[in-house]
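As structure tokens, the structure follows; a few thoughts come after it.
The values are calculated or read from the model by the stated rules, or taken from the named source; none is laboratory data. Owing to the predicted nature of the structure, the values given are computational and were not obtained by experimental measurement. Please note: Cβ atoms are built from the backbone with ideal geometry, for glycine as well, and neighbour counts cover all protein chains shown.
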Amino acid sequence: MKSTVLLVATLALLTFIVTPRSSVSAATIDEQTIDFQVRDVAKTLRCTICQNESIWESQAELARQMRTVIRERLVQGESPEQVRAYFQSRYGDYILLAPRRTGLNWILWAGPFVLLAVGSSLLYRNLARWVGAKSEPTAVEEPGPPIDDAMRQRIEAEYRGRQD
Amino acid sequence: MKSWQVILVAGLVGLVALFYRGLWGDPRAIPTVLIDTQAPTFSGPEVRSGAPIGFDQYRGKVVMVNFWASWCLECRTEHENLLALQKRFGSNPEFVMLGINYQDRPEDAQKYLQVYGTNFQHVRDIKGTISIDYGVYGVPETFVIDRQGVIRFKFVGPLVGPSYDHLTHNVLEPLLRGQPVAAS
């Protein structure tokens with residue numbers, strides 16, 4: 001009984017000590033979570049002014065305003081996907097830095113790998129042909145028909161004629 | 001010709017055709033997705049008077065919304081045409097023209113309107129949310145919204161020459177007659 005009372009009292013004391021600090025930590029964690037979410041969403045959206053940059057990196061005023069809109073929507077409870085969907089509904093697929101994996105966009109995603117496979121197989125075929133041609137032994141020529149005596153004498157006469 | 005050679009040639013021709021198409025036109029242009037969608041509502045202070053203006057008060061009318069800024073050179077190019085449009089259609093109670101001042105300092109916007117004149121109202125887009133709601137990425141951009149609140153026309157760039165003529169004859173006039181926008 002005494003140990004139970006002691007245990008409950010200890011737990012109550014700990015809760016009293018810990019609770020105020022926990023609520024401050026929760027607020028800080030929420031802010032941090034929102035910050036990270038803003039960054040994660042902003043990094044996937046294209047700046048429409050500096051079109052090769054994300055709105056996270058871009059210093060354009062519009063990019064700054066878009067980051068603010070992202071933060072406001074996340075704080076209001078929207079998910080990162082919902083925030084992305086909002087920007088996509090305003091600017092179309094172009095606002096997404098990575099093309100969506102749907103329809104004809106699959107050509108963009110799969111194209112490099114297909115081209116790599118095709119190029120590799122063509123290269124392999126050609127290499128195999130070159131290597132195969134080099135390693136094959138040179139065919140031995142079949143001997144021609146035997147030379148008869150008349151031909152032998154003629155060859156010798158012509159050879160002697162050239163030497164003179 | 002072997003079949004793989006045919007495929008290779010066809011692929012190369014396709015690529016060349018794609019490059020040909022991509023090399024012409026404005027590479028920075030972003031195709032709009034807002035045509036035939038409900039126009040986002042907006043509100044804000046009038047640039048000169050500070051009085052609150054809201055899109056909702058013009059529901060049921062044909063509304064032309066023009067995004068501009070005092071630092072925008074192309075906006076100055078089209079300014080006279082905008083005044084002419086308001087002069088031509090402004091007396092029609094079914095028509096409203098609104099300017100949206102985009103990423104500008106209030107004093108610069110006021111000075112711009114003082115110098116170049118204006119005959120219609122302009123809303124300040126203080127936080128940039130109106131511009132983002134309308135998918136604006138550069139000025140000038142012009143939208144025309146029909147009586148049902150649906151965006152029927154969007155143009156990026158100054159309304160001069162053929163674009164001005166198209167807006168007048170193929171967009172505003174038909175919509176004000178209760179007819180659909182004519183094809184370009």
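For the range A:50-82, the set of residues classified as at the interface with chain B (Cβ under 9 Å from one of its Cβ atoms) and part of a loop (DSSP other than H, G, I, E, B) consists of A:Gln51 only.
Quick test of your reading of the structure: A:Ala85 fulfils all but one of (1) in a loop (DSSP other than H, G, I, E, B); (2) of a type outside the set (S, T, N, Q); (3) within 18 Å of B:Val33 (Cβ to Cβ). Name the failing condition by number. Only one criterion in (1) in a loop (DSSP other than H, G, I, E, B); (2) of a type outside the set (S, T, N, Q); (3) within 18 Å of B:Val33 (Cβ to Cβ) is unmet by A:Ala85, namely (1).
Only one of the listed residues (B:Thr41, B:Thr32) is exposed (fewer than 14 other Cβ atoms within 10 Å of the Cβ) and either assigned to a loop (DSSP other than H, G, I, E, B) or within 14 Å of the chain's Cα centre (by Cα) (or both). That residue is B:Thr41. Report yes if B:Arg124 is at pLDDT 95 or above, among the basic types (Lys, Arg), under 24 Å from B:Gln57 (Cα atoms) and exposed (fewer than 14 other Cβ atoms within 10 Å of the Cβ), otherwise no. No; evaluated as a whole, the condition is false for this residue. When you scan the range B:67-82, do you find a residue that is part of a strand (DSSP E or B) and within 14 Å of chain A (Cβ to nearest Cβ), even just one? Yes, the range B:67-82 has at least one match. Any residue that is more than 14 Å from chain A (Cβ to nearest Cβ), part of a strand (DSSP E or B), in contact with a helix residue (DSSP H, G or I) (Cβ under 9 Å, 6 or more places away or on another chain) and on the phi < 0 side of the Ramachandran plot - is there at least one of those in the range B:172-182? No - not one qualifying residue is present in the range B:172-182.
Whenever a residue of the range B:54-73 is under 19 Å from B:Lys154 (Cβ atoms), its partners that are buried (at least 20 other Cβ atoms within 10 Å of the Cβ) and hydroxyl-bearing (Ser, Thr, Tyr), lying with C-beta atoms within less than 6 angstrom and at least six residues away or across chains, give the pairs B:Asn66/B:Thr142; B:Phe67/B:Tyr102; B:Ala69/B:Tyr102.
Within the range B:131-153, work out how many residues are outside any loop (DSSP other than H, G, I, E, B) and either farther than 11 Å from B:Ala39 by Cα or more than 14 Å from chain A (Cβ to nearest Cβ) (or both). Before you say what the answer is, go through the steps one by one.
Keep residues of the range B:131-153 that are outside any loop (DSSP other than H, G, I, E, B), which gives B:131-133, B:141-145, B:150-153.
Now narrow it down to the ones that are either farther than 11 Å from B:Ala39 by Cα or more than 14 Å from chain A (Cβ to nearest Cβ) (or both): B:131-132, B:141-142, B:144-145, B:150, B:152-153.
Matching residues across the range B:131-153 total 9.
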